[in-house]
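Step one of this worksheet: look at the structure below.
Each value in this text was obtained by applying a stated rule to the coordinates, not by laboratory testing. Bear in mind the structure is a predicted one, so any value in this text is a computation, not a measurement. Cβ: placed from backbone, ideal geometry, glycine included. Neighbour counts: every protein chain shown.
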Amino acid sequence: MITAVVEERDYLHESYGIKSWLLTKDHKRIGLLYLHTITFFFFLGGIFATLIRVELLTPHGDLVTSDTYSKLFTLHGVMMIFFFMIPSIPASLGNFFLPMMIGAKDLAFPRINLLSWYLLLIGGCLAIYAMLAGGVDTGWTFYTPYSTSYSNSYVIATGLGIFIAGFSSILTGLNFIVTVHRMRAPGMTWFRLPLFVWSNYATALIQVLGTPVIAITLVLLICERVLHIGIFDPARGGDPVLFQHLFWFYSHPAVYIMVLPGMGVISELISTFSRKPVFGYKFVAFSSVAIAVLGFLVWGHHMFVSGQSVYAGLVFSFLSYFVAIPSAIKVFNWTATLYKGSISYATPMLYAFGFIGLFTIGGLTGLFVASLGVDVHVHDTYFVIAHFHYIMVGGTMMAYLGGLHYWWPKMTGRMYPEGFAKLSALTIFLGFNLTFFPQFILGYLGMPRRYHNYPDEFQVLHVMSTAGASVLAVGYLMPLIYFMWSLRYGKIAGPNPWGATGLEWQTSSPPPAHNFDETPVVTTEAYDYAALEAAKVG
Amino acid sequence: MGSELPLFPVQASSVAASVDHLVYFLLAVAVFFSVGIFVSIFYFAVRYRRRFESEVPPTVHGGMTLEIAWTVIPFGLTMIMFMWGASIFFKMSRPPDDAQEVYVVGKQWMWKMQHMEGQREINELHIPVGQAMKLTMTSEDVIHDFFVPAFRTKADVLPGRYTTTWFKPTKPGKYHLFCSQYCGTNHSLMVGWIYVMEPQDYQAWLSGGATGSLASSGEKLFQDLACANCHHLNDQGRCPNLRNLFGSQVPLSDGSHVLANEDYIRESILNPSAKIVAGYQPIMPTFQGLVTEENVLQLIEYIKSLTPKPGAAPAAGAAKSTQVKKLSKQ
Amino acid sequence: MDSHTETLALREQFETPGQQKEASTLGMWIFLVTEIMFFAGLFLAYSIYRREFAGVFAVASNTLDVVIGAVNTAVLLCSSYTMVLAVRAAQMGMRKALIVFLILTMVFGGIFLGVKAYEWNQKFEEHHVPGATFHLEGTTQQGPAQLFFSLYFTMTGLHALHMVVGMGIMLTLLLQAIAGRYTPDYYTPVDVGGLYWHFVDIVWIFLFPLLYLIGRHYH
């Protein structure tokens, strides 16, 4: 264990000026740069969501035109997925803490790390340009031939924006893999790594293997749209379903890019706030990798009714059930960690509880859509929307907020206000369920996705959902406000306010620029609270 | 049972009940595990709440038995779900032999139906209760999807080829039809109604306003477009004999064979040079642009009528995988 | 102490030069894996359509000049050989040899690109470029024929783009070599640059038979 000897200034204060931020190589500063960027895109995507929900208060399209509505749901999806969710935890919390957790001074390639951020910015600017110039109306899934031959919107600009942001993701993944392989401190064996590292490592594998496929798919989409090369055009012998295969080959693993890091955060939170090692550490670690691998084999479950063969459907359905198992294993292990623990109700833990509950529900509804017979009915209905929002919002978003609250004192040296934080966690939990649970019912009743007008009998459920969304919006605004407030008025935080294990808690809050004065030498297992206790006393 | 719950759409087809039954099972499993997890978390969080700041609980080591148990049991459950869902899916993919055909053309933003007897409908489909209907569908532009929640059926409708779906309505009534693949501006207005009628009412409806069966319209087209000049319906023309063609295996000039189904006929009309029948010259001109998708379906019905239909030899290919027949088969 | 002044061979974030070299090499290998996945989508699309339109694709493929393609293949193989020699020269500290071999590698690369440009120009003149003026003799299926050439230009174009980037990398290495930056203790950029170059070569080794050699009969 190393106690920090703080003679140098911390990373926030060791240099000043905009150039020192925009040209930084410090993974911690880059993590904060990302934090700002993704927060912006989150709220931008949230504005689209708000408009969608307000429009859906009434069965007829009266707030916006049909085309505008199509652009709203498309941009909501594009902004949220490619510019918020995919980078979110790895690029902000991962960037900040992965090197520290393994006892390294930085990532393997700091300048590539900075480049990754700029790529996200450039891609994001292109997407914003497309939005301001008139928007894109194809749905975030860009199905052909609508996107290639019929849409009169800014498909190419958006596609290019996503393409560039994809390279941001690839380079981050590459950086993380090399870092974990080559830069662990002495004594930091694979099975002593915090589970947050395992999760980000598994995520990085997906980023590196999957993202290039969406990249080439977007290239082909753009070529088809501009040059009419015919690859997705039946009139020239092409196949529109080929686009779907190529698209989903990335976009299914992408959902694991979005959830795995969240799972990693939860492992940390559950452990710290139970003061116990995660039950079944190795099982959780291997489950992360299993999810990453199996996640590449199930893309066709998005295409059960697309016209693919019955036998393809069978294979994909079978494998989709397979991939559910490692997630279940994790949920059971997290719950078991609580047994005979010492449970604190600090805000991060509340988010962890919320995650486990809501991810469980979301995951269980995945069993519905994985079933061929049921999916025929619920595909492309609000049931699917509810399913994935339970996982991405009820899951990842909660994990992200939990992680933010957990590591806020480390990153900023300040505590957030606990009372308000608990209140907003509760608000988010309630608002979320009120927003999305009715959508399961709507979906099973037959309400299709991407519908601007709908039959009158669905209105009650839509009104409930919108009411929930307004509560949820308030819940999200609260942290924005009190986090900013805490930067000036928050209680000063010590190095380890939570009594957590992990190398990042062995330095000051905020950490020094070089993380550690001496390279740590690791001699204890992960989550060894007894050793932590002994070190304190001794 | 489930048909009166406000949470479920009415069960109006022969598969609807089985889908709902599987859903009940899935719901039971989901509720069991969700409640279990919620209760466990709540219980542990209260029972083991932190009593003093420096409390360090005793270590609890992971248990292999537990890990295996909560891996194997969920796996077993998911395999049951898989097999159950797959068996329903098989049923959904195989229209019964006595299914009647209806043709559907989707285009931005309307549904055009054609009954074999000749009735044309727009955004509505009248069908008799208790009779299985097989829909052969194509799109004139982008991908659409034919979704009837009350039947629990859904299938994408693609440009350039045919896809099929089938259902057997079990309850007279009026049911929503939705397009459920985003297709542009008026996607949410591309909706309609399925009218399931008592058999006598359906007969009455049929006999009002027919313009001749699909096959007879097809025959008229066949004459008008001068197909008959080459295709003499015997072995004497310069062109392959269309009698007894539908459902047979056609030998091609490159040595391969192709099944003469709807996709093959459609391709032969719109892109005749794609496949040349063995022993014939590639002289057929294309009719792309000269016929609409509905015309093509009428011609297909006519050609089908040239193959007598004993009970056991229906439109081949319909019995097996009916989801898709690709345009170009090897 | 662990802080050290940063040098080329030992950047701030690393503990030892060996660690840095291993990290850089692993990083390049992972990058090449992403490149494989990038090209994979095109190869998949090509394989699917090749199977579906075998006859038309064969006719189209036969209009490509096998001799030129083979020459280009040989040229790239030579360039990989000179690249290997460059890496070895760097390893041995033979600066002049390193410079010569880098230049030779670039020469071969340039020849490849020049020949490619010539080929493409030929295709343009034969009206084999997909578009309004496209026409391929020997088949009535102009749609799938265009599909072949769309894939041909996309795949060879993407490859050529990677070659151009490779030339840029070679140029950078060359300038650095001239400036004396590489020693037997530090020549990692040459090493990983070589890996990239070999990868681009290997992509061509797959492209050539797939695109040029369908159903060829030799007399």
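A Cα-only calculation for segment C:54-146 places Rg and Dmax at 19.0, 61 Å. Each peptide in B:101-112, A:195-206 gets a packing score, the mean of other Cβ atoms within 10 Å over its residues, and the list from highest to lowest is A:195-206, B:101-112.
Placing a label point 7 Å from the Cα of residue B:292 along the Cα-to-Cβ line, the residues of segment B:135-153 whose backbone N sits under 19 Å from it are B:136-144. Bridges between two residues of chain B, per DSSP, are antiparallel at a rate of about 70%. Roughly speaking, what is the centre-to-centre gap between segment A:166-186 and segment A:229-297 when only Cα atoms are used, to the nearest Å? Result: 17 Å between the Cα centres.
Here the peptides A:473-481, A:140-148, C:26-34 are ranked by packing, the mean other Cβ count within 10 Å, and the order with the highest first is A:140-148, C:26-34, A:473-481.
Roughly what % of DSSP beta bridges within the protein assembly as shown run antiparallel, to the nearest 5?
Here the share of antiparallel DSSP bridges comes out near 70 percent.
Here the protein assembly as shown is treated as a Stokes sphere of Kirkwood radius computed over C-alpha pairs; at 37 °C and 0.692 mPa s its diffusion coefficient rounds to 104 µm²/s. Spatially, segment A:394-419 and segment A:64-120 are offset by 18 Å when compared through their Cα centroids.
With a 10 Å Cβ neighbour count serving as the proxy for reagent exposure, in which order, fewest first, do A:63, C:102 appear? Display every interim value, and only then the final one.
Details: A:63 16, C:102 29.
Ranked by crowding around the Cβ, least crowded first: A:63, C:102.
Debye-formula intensities of segment B:100-207, expressed as log10 I(q)/I(0) at q = 0.14, 0.22 Å⁻¹, are -0.49, -1.19 (one equal scatterer per alpha-carbon, no solvent).
By the count of other C-beta atoms within 10 Å, a proxy for reagent exposure, A:66, A:424, A:371, B:256 are ordered fewest to most as B:256, A:66, A:424, A:371.
The angle separating the long axis of helix A:155-182 from the principal Cα axis of greatest extent in chain A is about 30 degrees. The C-alpha atoms of chain C define a longest principal axis, and helix C:95-125 lies at about 20 degrees to it.
With N denoting the number of residues in segment C:38-212, provide Rg(C-alpha) divided by 2.2 N^0.38 Å, to two decimal places.
Working: Rg = 18.8 Å, N = 175, 2.2 N^0.38 = 15.7 Å.
In units of the globular-protein estimate, segment C:38-212 measures up at 1.20.
Between the helical axis of A:398-412 and the longest alpha-carbon principal axis of chain A there is an angle of about 40 degrees.
Please compute the average number of Cβ atoms from other chains found within 10 Å of each residue's Cβ in peptide B:172-181.
Taking the mean over all residues of the peptide, I get 4.
Spin-label model, residue C:185/residue B:257: points 7 Å from Cα along the beta carbon direction are separated by 7.6 nm. Here the Debye sum runs over all C-alpha atoms of segment B:30-174 as equal scatterers in vacuum, and log10 of I(q)/I(0) at q = 0.09, 0.19, 0.21, 0.22 Å⁻¹ comes out as -0.54, -1.17, -1.32, -1.39. Taking every full run of DSSP H in chain B, the ones that stretch at least 27 Å from end to end by Cα along their long axis and average 1.6 or higher on the Kyte-Doolittle scale are B:16-47. Sorting A:382-390, B:185-193 by average packing, meaning the other beta carbons within 10 Å per residue, from highest down gives A:382-390, B:185-193. When the alpha-carbon atoms of segment A:427-538 are used, the pair Rg, Dmax equals 23.8, 70 angstrom. The ratio of the alpha-carbon radius of gyration of chain B to the globular-protein estimate 2.2 N^0.38 Å is 1.34. Across peptide B:59-65, the average count of Cβ atoms from other chains found within 10 Å of a residue's Cβ is 5. Other protein chain C-beta atoms within 10 Å of residue C-beta, averaged over B:29-38: 5. Taking the Cα centroid of segment A:433-470 and of segment C:50-88, what is the distance between the two, rounded to the nearest whole Å? Rounded to whole Å, the Cα centres lie 56 Å apart. The Cα-based radius of gyration of segment A:343-488, divided by its Kirkwood radius, gives an Rg/Rh of 1.06. In the frame of its principal axes, segment A:24-537 has Cα extents of 74, 46, 44 Å, reported largest first.
Based on DSSP H segments of at least four residues, each scored -39500 (n - 2.57), chain A has a per-residue ellipticity at 222 nm of -21500 deg cm²/dmol. By other beta-carbon atoms within 10 Å, ranking B:144, B:176, C:135 with the fewest at the front produces C:135, B:176, B:144.
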